[in-house]
Amino acid sequence: MKMRISWSDILNTVVTIVLCLTLNSCGKNEVADKQTVNDLKTDSTESASQSIRVGADLDPGAEPIEADYSEWQETTVGMVKVFYPPDHAHRNSISGLAQTYGGALRSACRFLGINTLPDTLFVFYYTGPGQGRGMTGQQYPFYVGDTLHQWPPFALGTPLVKYLLPKWQSEPTKHIFLEHGLKALLDNSGTDYHARTLEKLENGTFMPLREMATDTTFNSNVERAQSAVAASFVDFVVYVYGMDKFKELWTSKGNFEADVKAVLGIDIDSLQEQWLTTIKQAVAQSKQSNG
């Protein structure tokens, strides 16, 4: 059985198709549409100011900003409704963006074993960090309720994974690298994190599993160096040991080395050797299959 190289491979066909789609028109009931946008934004900012949701990654202490979304347009494809400014550089491919989010949501839910999908997933798509941060007061893409706030150059899956994590597990993991590895793995960036890990192994920048387990600097919002290796490890554990065992590691409260032995029945050094051997074989097989 061929190892799944990365979650982004699952969406490759979808992404190829949606890039060719054009923007749907949405001029009907303009007044109601504008009111819907502002109502959604009001709900989001009020929720953000009242409490920091588990997994929401909202900036502690950030003040809600009164922003005007009345001129924003909307496009709906399936369960995904995207709001965006009329001058957005990607305005002619918003329907493709919505379709990509729908496919990404379903694929991520299958991977995580989440069976309940929202009736509607709302996405506010800003032009970039300047507008996103200026209108929300948040440094990075985030979610509140069933509403995602996204801006380039962050990968489309960034707020989506944050949104899904508390639906998958009610509490964050003690092992920080597992959280950021999972976020990177499902970020829809198109990166092969197994190949990236082997590159770091070859150039001497690979972080051993023992060090990852105790490192507190992982932050998938701002880096894909450490998180790339963690993503590869997460994918390996799910592929070889299954999602139930990964959940046990996620919820374990002790020393990671001891937890690995208790949950997977293998010592941490042997686990690292198994991980690297497995991804070397997977990457080699992928290269051979792709010619």
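Only the coordinates and a few stated rules stand behind these numbers; no lab work does. Since the model is a prediction, treat every value here as computed from it, not as a measurement. All Cβ positions, even for glycine, are placed from backbone atoms using ideal geometry, and neighbour counts span all protein chains on display.
Net charge in the neighbourhood of THR205 (other residues with Cβ under 14 Å of its Cβ; Lys, Arg +1, Asp, Glu -1) is -2.
Using the Cβ-Cβ distance between GLU248 and THR76 with R0 set to 35 Å, the FRET efficiency works out to roughly 0.35.
Distance from the C-alpha centroid of the stretch 68-82 to that of the stretch 229-261: 38 Å, rounded to the whole angstrom. In the structure shown, the pairs LYS174/LYS247; LYS81/LYS162; LYS200/LYS247; LYS174/LYS280 are assessed against 20 Å; a Cα-Cα span above that value is assigned to LYS200/LYS247; LYS174/LYS280. If you look at the Cα atoms of the stretch 128-239, you get an Rg and a Dmax of 14.5, 43 Å.
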